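The values are calculated or read from the model by the stated rules, or taken from the named source; none is laboratory data. Computed from a predicted structure; not experimentally measured. Cβ atoms come from the backbone with ideal geometry, glycine included; neighbour counts cover every protein chain shown. All accessible areas refer to the heavy atoms of the entire protein, side chains included, with ligands and DNA or RNA removed. Shrake-Rupley method; radii C 1.70, N 1.55, O 1.52, S 1.80 Å.
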Amino acid sequence: MCGIVGYVGKRPAAPILLDGLGKLEYRGYDSAGIAVCDSGKIQMKKARGRLKVLSELTHDGEIFPGHVGIGHTRWATHGEPSDVNAHPHFNADNSIVVVHNGIIENYLKLKKKLIEKGYKFISDTDTEVIAHLLDYYYHGNPMQAIIKIMHRMEGSYALGILFKDHPEELYAVRKDSPLIVGHTRDGCIIASDVPAVLKYTRDVYFIENEEIVCMRQDSMEFFNVDEEPIEKEPTHIEWDVDAAEKGGYEHFMLKEMYEQPRAITDTFSPRIKGREICIEELAMSDEEILNIKKIMIVACGSAYHAGVTGKYVLEGMARIPVEVDLASEYRYRNPLIEEGTLTIIISQSGETADSLAALRDSRERGAKVLGVVNVVGSSIAREADNVMYTWAGPEIAVATTKAYSCQLIALYLLAMKFAQVRKTISDTELGGYIEDMKRIPDQVEMLLNNKNRIQKFANRYLAARDVFFIGRGIDYAISLEGSLKLKEISYIHSEAYAAGELKHGTISLIEEGTLVAAVLTQENLYKKMISNMVEVRTRGAFVLAVTNEGNHEIRKAADYVIYIPETNQYFTNSLAIIPLQLFAYYISVGKGCDVDKPRNLAKSVTVE
Ligand code: F6R
């Protein structure tokens, strides 16, 4: 996730910017840059790679003696990691410079308009649009230009801005991306997160949505979007640096679980235009979509589990046959690829060796390959014919949570798009799915806020030896992911079974007190699932059920029930997985395991 730092004060800005950016390194980044206002000029240096490269280029900041500056670490979203795409971004005559965290959803529309007005673009970023848009609206008054662009931009942003004509001022504004400001002993500092400012101040102002800050060496003024001054109270930060990196959460995994509502919104909102699904990066005409004969989804681990859900959703909504494969199996099984096959490779890192090999194999056999990838510019993103990015931001915890949730959203969007074009659902149905999708972030948040209840339940099972997860249809896919989350971070053996399979062998493992987590979100399968729950319960199992609100019948067959809010039959995974993530997390915490770095595991599996 991008990191922003800005400073105005008595001291040279560049070393403070570099120091602050260093404290934001944990957020993940691929390039970095700084811009400093000095002697009536804005000077800038930026470079792909580690911050060390930028420090060397600027001699630890010494080449820029100015006292006002902005800095940035970039996690690529629009455009691959490169020197040119790195921030800051200038307007044409280098008189305005911007750093940005977030996604401008309507940047293509804005870019087109600016090009028509004669603006030239050198990068692929959405941020360069902001620099030129500011230029377009700037007539000597920075505040008015900022307010104008706020009315034009859709999406999320935290911005740090310098104007050459106002060399003593630093501006900041935000909407849906975090930004804090604080007074230092000799000036003002802005940052996208607390660790970057802790060395300079512990009293920070959290900028609220659509608030603007104008900072000078000795003043800090807050305004709303009507340019009216606002009074704000600082918050005193007690956290140490380690806790601050995790935003006050005990672990990155918990922080990332809490980032899910935002990540989900970022993934769907640029792709929903009114009552239409627009996935520009799919680059497939309606005719090509109509000609898809088969979809093959190939991935590893949790990404594979997202793919299993995708199969149910794509087949159910768009009526296209879907095969799902583990990449490590696919690559050696000599798959049959006929004309009209679309292969979807799902990967958070975009570097998983088996998934990459499957991609190459599939292309060689003549399939069109779509990557559903989180890391921009990664190998899978580069080699796929087309890429649909999940906008989860960097994931630090080894066990995936938010990237998985965004993969589900990407697959739902594809299913909705294909169904829309192939007319396998009506406009009314599509409208309903769009409304349901927009409700997911709040519903996820509500489920996350139920964490204390799940923690209490988890604490009863710290000594569990085996846990079974059962479900049918999409609920089987949820079970696969719930089970993987538990075993990988708590080291408790767990299995996911299609509930109907239990009696073909696995049921012999059920003993007095064995925990069985039953997932029932598919109304048409309630009765079947309840029979399976009774089967294990009569053999001594303790049954935890995750089911839809209103399913009161469940109490007859379950010992403990977690309800998920109402959604349609296809989107239930996005909700049911939240209590299972929390359950795994609290078991791991309770057992004292290394939650963020479980033994024997790596975040990116670049070997076979
Ligand atoms: C589990 C987990 C892994 C990954 C798998 C694929 O929590 O994170 O199972 O899902 O290694 O990784 P990517 O998505 O990077 O290809």
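Here region 333-386 and region 518-560 have alpha carbon centers that stand 38 Å from each other.
Summarising the strand pairing of the chain, around 60 percent of its internal DSSP beta bridges are antiparallel. Look at where the Cα atoms of region 122-197 and of region 219-252 average out, and the two centres are 16 Å apart. In terms of the Cα gyration tensor, with a ≥ b ≥ c the square roots of its eigenvalues, is region 57-100 rounded because a/c is under 1.5, prolate because a/b exceeds b/c, or oblate? It comes out oblate by the Cα gyration axes. Taking every alpha-carbon pair under 8 Å whose residues sit at least 6 apart, the chain reaches a relative contact order of 11 percent.
For the chain, taking the reciprocal of the average inverse distance between every pair of different Cα atoms yields a Kirkwood hydrodynamic radius of 25.4 Å.
Helix 526-537 axis versus longest C-alpha principal axis of the chain: approximately 70°, rounded to the nearest ten. With the charge dipole of the chain set up from +1 on Lys and Arg Cβ and -1 on Asp and Glu Cβ about the Cα centre, the Cα lying farthest toward the positive end among the listed residues Val68, Leu448, Tyr526 is that of Tyr526.
Its convex hull of Cα atoms gives region 15-58 a direction-averaged projected area, equal to a quarter of the hull surface, of 3.0 nm². With R₀ fixed at 56 Å, the C-beta to C-beta distance from Thr506 to Asp176 puts the FRET efficiency at about 0.80. If you model region 253-440 as an ellipsoid using its alpha carbon gyration tensor, with each semi-axis the square root of five times an eigenvalue, the axes come out at 23, 22, 13 Å, biggest first. Only one residue of Gln144, Gly118, Ala86 has its Cα farthest out toward the positive end of the dipole of region 80-223, where Lys and Arg carry +1 and Asp and Glu -1 on Cβ, and that residue is Gly118.
Annotation: per residue accessible area for region 74-123 equals 44 Å², rounded to a whole number [probe 1.4 Å, protein chains only]. Kirkwood hydrodynamic radius computed over region 242-355 comes to 16.6 Å, based on all pairs of distinct alpha carbons.
Modelled this way, with points 7 Å down the Cα-to-C-beta line, the labels at Ala602 and Lys52 are 1.9 nm from one another. Note on Asp240: accessible area approximately 90 square angstrom, rounded to 10, probe 1.4 Å, nucleic acids and ligands left out. Helix 107-116 and the longest principal axis of the C-alpha atoms of the chain enclose an angle of approximately 40°. The residues of region 451-591 present an accessible area of 38 Å² per residue when probed at 1.4 Å with all protein chains retained.
Among the GluC sites (Glu not before Pro) found in region 228-300, those both in a DSSP coil and sparsely packed, with 15 or fewer other Cβ atoms within 10 Å of their Cβ, are Glu231, Glu238, Glu250. PRE reach from Val225 (point 7 Å along Cα→Cβ): which of region 124-159 fall under 17 Å by backbone N? Counting only backbone N, you get 134, 143-159.
Of the accessible area of region 235-346, computed with a 1.4 Å probe over protein heavy atoms only, carbon and sulfur atoms account for 50 percent. Packing around the peptides 448-458, 567-577, 353-363, 588-598, taken as the average count of other Cβ atoms within 10 Å per residue, puts them in this order, highest first: 567-577, 353-363, 588-598, 448-458. Helical content alone sets the calculated 222 nm signal of the chain at -11000 deg cm²/dmol, taking -39,500 (n - 2.57) per DSSP H segment of four or more residues and averaging over every residue.
Dipole magnitude for the chain: computed about the Cα centre from +1 point charges on Lys and Arg Cβ and -1 point charges on Asp and Glu Cβ, it is near 1000 debye.
By the rule of a C-alpha distance below 19 Å, with chain neighbours fewer than 8 residues away ignored, the aspartates and glutamates paired with Lys52 are Asp19, Glu25, Asp30, Asp60, Glu62, Asp83.
Counting every C-alpha pair in region 3-245, the share spaced more than 22 angstrom apart comes to 47%.
If you look at the Cα atoms of region 194-240, you get an Rg and a Dmax of 12.0, 37 Å. Helix 427-448 and the longest principal axis of the Cα set of the chain meet at an angle near 80°.
Cross-link pairs exceeding 19 Å between alpha carbons, from the set Lys46/Lys603; Lys368/Lys438; Lys113/Lys148; Lys41/Lys199; Lys294/Lys528: Lys46/Lys603; Lys368/Lys438; Lys41/Lys199; Lys294/Lys528. Counting Cα-Cα pairs of region 37-79 in 10 Å increments starting at 0 gives whole-percent bin shares of 25, 51, 22, 2.
The antiparallel fraction among DSSP beta bridges confined to region 270-396 stands at about 10%. Value of Rg to Rh for region 451-591, rounded to two decimals, is 0.92; Kirkwood radius and Rg both from alpha-carbon coordinates. Relative to the 2.2 N^0.38 Å rule of thumb, region 184-325 has a C-alpha radius of gyration ratio of 1.61.
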